Amino acid sequence: MERRLVIKQVLIMAGGLALLPSCLREQGKSTIKLQHLDVSMEQENLLADIAETIIPRTKTPGAKELKLHLFVLKMLDDCYEEADQRLFMSGLSAFNEKTADQFSKSFRKLSVHQREGILTKLEKDPAPELSAFYKIMKDKTIDGYLNSKYVMTSLIIYELVPGRYNGYFPVKTA
Amino acid sequence: MPNINIDAAKANTYDVIVIGSGISGGWAAKEFTEKGFKTLVLERGRDVQHIKDYPTTNKYPFEFEHIGEPALSIKKENPIVSRCYAFKEDAMHFMVKDNEHPYVQEKPFDWIRGYQVGGKSLLWARQTQRWSDFDFEGPARDDFAVDWPIRYKDIASWYSYVEKFAGISGNKDGLAELPDGDFLPAFPLNAAEDYFKGVIKSRYSNRHVISARCAHLSKPNQIHLDQGRAKCQNRTLCQRGCPFGGYFSSNASTLPWAAKTGNLTLRPFSVVESVIYDDAKGKVTGVSVVDTNTKETTAYYARIVFVNAGALNTNLILLNSKSKRFPNGLGNDSGVLGKYVAFHNYSARISAEYDGLKQFATDGRNPAGGGYMPRFRNVFKQETNFKRGYAAGFYASRYMERDRSGIGGSLKDSLLHGKLSPWIVGSHMMGETIPKESNFVSLSTDKKDSWGVPLLNIAVAYDENDELMKKDYIEQLTEMFTEAGFKNITPNVSSQAPGLDIHEMGGARMGHDPKTSILNKWNQMHACNNVFVTDGACMTSTSTQNPSLTYMAFTARSVDYAVKSMNQGEI
C-alpha cells in the first residue's frame, strides 16, 4: 500500500488518467511528460484557462481542478497525427496573438465574461487558422470531463458491475 | 535414431497431445484428462490464469492510459489487428500484434489471433447456436464443397453434453432451422426488440427474431459452481476476462477442470513446428516443439495427437508436417489440405431509429447483445439467385444524448443532464461463404518466422455469391425495418477484407471420401488414424451459425470416439 501511495503522489492525475510528470523539470516547460509536443508552462496555463472557460467550476469542480487541459495534451500527444498536433500548436499561438491584439492583454488576464465572449464567437464562426485547434481542445476537454474519475464516480455513475438487465425500464416520455 | 536419450523421451511421453488451448483444445484437454489420460496441452503463447491474469478486468474507463483508445503509434505499428473491433486498451494484450507472427497476404486478409492460454476463447463474442440438417445437408443439396459425413442426429447429444457444462442461455424457440438446446434462461429481448419480433412474426411466416443464445451463466447450475464460476453480472466487459467466470472460456472452465484431475500438463511458450510421422510405424508418434523463449526444439510423444491450433494455424502445422509418406503435408494424399477455406461474411450492417415505445428504456446491460434472426433465405428451398443465406443480429438501445454545443455553465449542465435518444436499432449480417479450391492457404516458399516455420500464405477472397447475398441482406432488412415503421434507415456496406469476422474455417475438411477430404466423420484423419482435428479447420462448410459451439461438440464427440478406439486397440 505504501508503495502505491508514493506512486500516486508522483503521478499527476488528469481527469482520472495518471500522467507522468516531466522528467527534466525544465524551467518554463509543461508539467507532464510529452513525447511529441513541445509545450511551455505559459501555454499550459493558457490551455488550463481555455478549458476552465469551456467547463467552469460551478457547484461542482471545473476543468482546471480536474486538470482536463493535461488530459487534452496527453491525448493529443499520443493519439493524434503529427499534422493535427502541428495545427493544434499553431492554432494555440494564433489564438494567443489574436486575443492579445484585440484586448491588448492575454486571455489569462481577461475577465470570465470576456473569455466566454471570445470562445462563444470562436464557437459560432471560427477563424480558419483556429478551427482545428478549437475543435480538438473542446472535444477532448469534454471527453476528459465525461470520462473523469470525478464525473464517473460522483455525477454520472459508471457501473462496473450492474448485475441486472431490464429491457422494459419505465421512463418518463416527456 | 541411435543417439536418442531414452529417459528424456520417456519424460516427454504422454497419452495424448493437444495442440492449442483455445475453445476446442480446452475441451479436448477436459475430456481426455477426465477419462484418465495423461494429456499435454501445448500453447504457443504465454500462460493466462483465470482472474489472476486479467489485468484490466476491474478497471474504470479513466484508468486506461487513453480512456481505452490505443495510442496512434500502436495503431500504426499494427494496422491489421487495429481493424478488429476489440483492439482497445482493455483487451489488446490478448491479441497478436502484426509483427509478432507475420503472414503473407496473397489477397487481403485480416488474420486476428490470440496467442495465449485460452486463445480467442477469452475474446469471443460468445454467441452459440446449434446447426440443423438444413446446414449439414447444405453442400449436398446445393451442390458445393463435399457432403458432410455427419447429420444432426450424430451430434445432437454432443451439443447437449457441451451446453450443459459450458452454460448456454437461450429460449426453446421450436425452430426446425435452429434446434433448441439444453439452455439456461435466456437474456430477454427489450421493448423495441420485442416489438420488431412481433412485426416480423405477423408479416413473415418463416422469419423469426429470438433472444440471442450465448455462453453466459444467466442462472448457474451446480456443474458451473463446481467449476468455480458464478452468475453473469451483466458487465459486458467480457473481452478483458471475467472475474466471475460469467461466460465460458477455456481459462475459466475446461482448463482448470482438466487441471483438477491431475492428468494435465500445460506447456505455454510452445510453438508446434510439425507433427512427427513415423514412416516405419505408419502413424504419428508426437510433435516437434520450439520453445519460444529458448528457441530450443524438443520432441514430445503420445499415442494420439489432437490438432486444435486455430483453423489456419492448424493448416499451417499440418502443411509443415512433411514425411516420406506425406511429402505434401500430413494426411494430404488428396491435395485438398489448405484448400476450401471459407469464413463468414460480416460486411454489411444497417441501422435506423424507432420513434415509438418511448415509455421504456433499458437498465443494466445485456451480455447476449439482443436478438438473433436465424437464416431465412434458401432454407426450405432455393429461392434467390445466390446460394445459401445469412443470419442477422438485431439489437435496439437508447443512449443519453449529451448536447456538446456552447460553453460554460450551460454546456456543463447539458452534458450532465442528457436526454434519452429514441430507440436506435441495428443489425449485422453473418453470411455463409462457399468453400472453393481457389480460397486456400499454403506455406511460403521463401519466408520463415522467428521459430523457423514457413510463413502462412493466405489467398482468400469474397466472390460474386457474397456480393449478391450482401445486396439481398440490405434489401430484406430495409424492407423489414420499413414494415416496422423504423425511420432513417441507413445501410452500411463495408469493404473490409475477409478475416475480421474471425470465423475462418476449413482447409482440413471432413468428408466421406479420402480423395476429396482430410478427415472422416469422427474428425479423424483418413490417412493417419491417430491424428484428429476438431477446430475450425475441420469445417466442410460454414453455414451461418457462430461456429464455436459446434467445435466444442465435435471435440467432445471425437475424444469419446478416440478413447473407444484406443480401448479396442484400434489406435
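Any read-out appearing in this document is the output of simple, stated calculations on the displayed coordinates, not a laboratory observation. Since the structure is predicted, the reported quantities are computational estimates derived from the model, not experimental observations. Reconstructed Cβ throughout: ideal geometry from the backbone, glycine too, with neighbour counts over all protein chains shown.
For the residue pairs A:K64/A:K98; B:K30/B:K387; A:K98/B:K76; A:K33/B:K120; A:K64/B:K75, the alpha carbons lie more than 28 Å apart in B:K30/B:K387; A:K98/B:K76; A:K33/B:K120; A:K64/B:K75. In this entry, the range B:336-477 is assigned a mean projected area of 15.8 nm², taken as a quarter of its C-alpha convex hull surface. Counting beta carbons within 10 Å around each of B:D403, A:D38, A:D77 and listing the fewest first gives the order A:D38, B:D403, A:D77. How far is helix B:464-483 tilted off the main Cα axis of chain B, in degrees rounded to 10, range 0 to 90? The two axes meet at around 30 degrees. Which links in B:K197/B:K521; B:K88/B:K447; A:K140/B:K88 stretch past 27 Å when you go from one Cα to the other? Beyond 27 Å between Cα atoms: B:K197/B:K521; B:K88/B:K447. Estimated purely from DSSP H runs of n ≥ 4, each contributing -39500 (n - 2.57), the mean residue ellipticity at 222 nm for the protein assembly as shown is -9000 deg cm²/dmol once divided by its residues. For B:N345, the amide hydrogen comes within under 5 Å of the amide hydrogens of B:G431, B:E432, B:T433, counting only partners 5 or more places away or on other chains and with H modelled in the peptide plane.
Converting the Cα gyration tensor eigenvalues of the protein assembly as shown into ellipsoid dimensions via √(5λ) gives semi-axes, longest first, of 50, 32, 24 Å.
With neighbour counts taken as other beta-carbon atoms within 10 Å, the residues B:H66, B:H512 rank, fewest first, as B:H512, B:H66. In a reduced charge model with +1 at each Lys and Arg Cβ and -1 at each Asp and Glu Cβ, chain B shows a dipole moment near 780 debye about its Cα centre. Selection among A:A83, A:S154, A:A132 by position relative to the dipole of chain A gives A:S154 as farthest towards the positive end (Cβ unit charges, Cα centre).
Counts of other chain beta carbons within 10 angstrom of each beta carbon in peptide B:55-66 average 5. Computed over the range B:391-471, the P(r) tail beyond 20 angstrom holds 67 percent of alpha carbon pairs. Converting the Cα gyration tensor eigenvalues of the range B:457-498 into ellipsoid dimensions via √(5λ) gives semi-axes, longest first, of 28, 11, 6 Å.
To the nearest 20 Debye, how big is the dipole of the range B:384-427 about its Cα centre, given +1 on the beta carbon of each Lys and Arg and -1 on that of each Asp and Glu?
Working: 7 positive and 3 negative charges, 53 e Å.
Dipole magnitude for the range B:384-427 comes out near 260 debye.
For the range B:188-261, the Stokes-Einstein estimate of translational diffusion at 25 °C and a viscosity of 0.890 mPa s comes to 169 µm²/s, using the Kirkwood hydrodynamic radius over alpha-carbon pairs. Among residues other than B:K322 whose Cβ falls under 14 Å from its Cβ, what is the net charge (Lys/Arg +1, Asp/Glu -1)? With Lys, Arg at +1 and Asp, Glu at -1, the net is -2. Given Cα pairs under 8 Å that are at least 6 residues apart, what percent is the relative contact order of the range A:2-155? Taking the mean separation of contacting Cα pairs over the length of the range A:2-155, I get 27 percent.
Normalised radius of gyration (Cα atoms, divided by 2.2 N^0.38 Å) for the range B:444-571: 1.47. Temperature 37 °C, viscosity 0.692 mPa s: under these conditions the Stokes-Einstein estimate for the range B:38-109, based on its Kirkwood radius over C-alpha pairs, is 229 µm² per second. Averaging the sequence gap over all C-alpha pairs within less than 8 Å and six or more residues apart, then dividing by the number of residues, gives chain B a relative contact order of 21 percent. Kirkwood analysis of the Cα pair distances in chain B returns a hydrodynamic radius of 24.5 Å.
How would the range A:90-174 be classified by its alpha-carbon gyration tensor: rounded, prolate or oblate, with rounded meaning a/c under 1.5 and the a/b versus b/c comparison settling the rest? It comes out prolate by the Cα gyration axes. For chain B, the share of DSSP beta bridges that are antiparallel, to the nearest 5, is 70%. Net charge dipole, the range A:2-155: roughly 680 debye, given to the nearest 20, about the Cα centre with Cβ charges of +1 for Lys and Arg and -1 for Asp and Glu. A Cα-only calculation for the range A:2-155 places Rg and Dmax at 15.5, 52 Å.
Here the Gaussian network model covers chain A, with springs between Cα atoms less than 10 Å apart; of A:Q102, A:Q43, A:Q114, A:Q102 fluctuates the most.
Order these by the 10 Å Cβ neighbour count, fewest first: B:H224, B:H93. Spell out each step's value before the answer.
Values: B:H224 23, B:H93 15.
Neighbour counts put them in this order, fewest first: B:H93, B:H224.
The three principal axes of the Cα atoms in the range A:129-174 give end-to-end lengths of 49, 28, 15 Å, sorted in falling order.
For the range B:128-173, the share of alpha carbon pairs falling in successive 5 Å distance bins from zero is 5, 20, 24, 20, 15, 10, 7, 0 percent.
Averaged over peptide B:358-368, how many Cβ atoms belonging to another chain are found within 10 Å of each residue's Cβ?
Values: counts 4, 6, 7, 7, 6, 10, 8, 5, 4, 1, 1.
The per-residue average across the peptide is 5.
Can you give the Rg to Rh ratio for the range B:359-404, taking only C-alpha atoms and Rh from Kirkwood? A ratio of 1.23.
When the P(r) of the range B:126-247 is calculated, the portion above 24 Å amounts to 40% of the C-alpha pairs. Taken along its principal axes, the alpha carbon cloud of the range B:22-142 reaches lengths of 48, 42, 28 Å, longest axis first. Here the alpha carbons of the range B:349-432 define both size measures, Rg and Dmax, at 18.8, 63 Å. Find how many whole Å separate the alpha carbon centroid of the range B:484-529 from the alpha carbon centroid of the range A:94-119. Taking the Cα centre of the range B:484-529 as reference, the centre of the range A:94-119 is 62 Å away.
Sequence-distant contacts, meaning Cα pairs under 8 Å at least 6 residues apart, place the relative contact order of the range B:440-571 at 15 percent.
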